[in-house]
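All remarks here apply to the structure that follows.
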Amino acid sequence: MNNLQARIEEHIETLSKFTATPGQGTTRLTYSNEDKKAREYLKEKMKEYGLNVQEDGLGNIFGKLDGTLPDAPSVLIGSHFDSVPNGGSYDGPAGVVAGLEVAALFAENNLKPKYPLEVIALVEEEGSRFGGGLMGSRGITGLLSEDEFKNLTDHDGISTVEAMTKIGLDPTLPIKRDPKTMKAFLELHIEQGPILEDKNIPIGVVETIVGLTQFEITVEGQAGHAGTTPMDRRSDALVTAANMIARFPSLATEEGEGTVVTTGKLHVFPNGANVIPKKTVFTVDIRSGKEEHIQNVIKKLNRLIASYSKDGIHISAIQQLYMKPKKMNQEIVSLLKQTSNELDIDYFPINSGAGHDAMVLADVTDVGMIFIPSKDGLSHCPEEWSDSRDIAKAVDILFQTAKKLTEVEKK
Ligand code: GLV
Ligand code: MN
Ligand code: MN
């Protein structure tokens, strides 16, 4: 194992220890104690690699290697460092670690870029704590306003500002970043699907990212006694939610072309075995490579809501996120392919079914993304695993690409 691969493994291993669920995968919610420990580690490594470290008003971390051109925009490289509940060690961190190691290679080779190189570690991409997802990148681009950010609360009613303050972050710092300060963004991510592994190819060059939307649906009925209330006199919020959710697979298959609809989160109130549920709150995640399919499913979801809103049942929906499908920047896609060829590393053009910060940053700067294989195609679970040799290959590609984009002067 070479040094680069050993360092990659050490970073991944260390970060995986910052979990609220040891032995049951990575649970690193934004602004939690585990976030605090992971951010301390990342900031320390950034400093060790000669980067100038800053955080913004969302707690995103930036480690900058200055360029020789005054006031020039940065080439950003990184990903997110939060996780889903009981997730894996690679979704997000693999990309942050790759960014760190590209910076380490700049330092080791004493490279002086014309344009700054900035390693970035973003918060709340998964939306596991505050909902919606892509919060760090949406804040930077202004898609999420400062007011919207400050009004977000978690499941326990704790606001973003309270949670940030609790781990010593400063919510008064700026959130939105001037697009003129960004030249490009490169993100490495695990594939989270089976294509690369099946083809035995180490690198996917991402061409497009799926469009996605998320809703939080609240169904309100009437609580009552489970033993004494006749079946025909109930307004059961959970039965209504269950009937709606059971329709989602067919809504997805009717659309076809890879359209997917998922309910992954459901809360029942008051959640008593002998109480008819008064309220259920659940999420609906709709994705497709074609925006029209997402729009069609939204229309059908609205019809479903209307048809179930009767007999003492009230249903409301909040749209937490809407992202159109995105194309990666063609010049960066070509550059990534050309660099892979130069390094003699096999690649495959691929479309992403997962959402990524890259799709948000694509609105304000030139974005390119590469994938590495996921073992058994698994992700968002403790079994998630990728080979550090593939991460090292990706780092080589990103290093050479970042050298070109930052226009290094000294070899
Ligand atoms: C992030 O993993 C997403 O695709 O929701
Ligand atoms: Mn994820
Ligand atoms: Mn991710």
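Data table
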| item | result |
| --- | --- |
| 0 to 90° range, to nearest 10: angle between helix 33-48 axis and the chain longest Cα axis | 10 degrees |
| Out-of-range pairs (alpha-carbon distance over 23 Å; input Lys337/Lys404; Lys45/Lys180; Lys43/Lys150; Lys180/Lys404; Lys17/Lys64) | Lys45/Lys180; Lys43/Lys150; Lys17/Lys64 |
| P(r), alpha carbons of the chain - 10 Å bins starting at zero, rounded % | 5, 22, 31, 24, 12, 5, 2, 0, 0 |
| DSSP-defined antiparallel bridges as percent of all bridges, the chain, nearest 5 | 65 percent |
| Spatial separation of Cα centroids for the range 21-99 and the range 296-324, in angstrom | 36 Å |
| Nearest-ten-degree value, helix 291-308 long axis tilted from longest Cα axis of the chain | 20 degrees |
| Hz values of 3J(HN,Hα) by residue in the range 153-168 - Karplus curve (6.51, -1.76, 1.60), Gly and Pro given as x | 10, 8, 4, 9, x, 7, 7, 4, 5, 4, 5, 4, 4, 4, 9, x |
| Mean Cβ neighbour count within 10 Å, used as a protection proxy, ranking 141-154, 371-384 highest first | 371-384, 141-154 |
| Tilt relative to the chain, helix 3-16 - C-alpha long axis, 0 to 90 degrees, to 10 | 30 degrees |
| Contact order normalised by residue count of the chain, Cα under 8 Å, 6+ apart, percent | 23 percent |
| Cα-centred dipole magnitude for the chain, charges only on beta-carbon of K, R (+1) and D, E (-1), debye, nearest 20 | 640 debye |
| Per-residue Cβ neighbour rank within 10 angstrom, fewest leading, Lys199, Lys265 | Lys199, Lys265 |
| Neighbour-count order for Met359, Met328, fewest beta carbons within 10 angstrom listed first | Met328, Met359 |
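Values quoted throughout were computed directly from the atomic coordinates according to the rules given, and no laboratory measurement underlies them. Just so it is clear, the model here is predicted, and its values are computed rather than measured. A quick note on method: Cβ atoms are made from the backbone with ideal geometry, for glycine too, and the neighbour counts reach across all protein chains shown.
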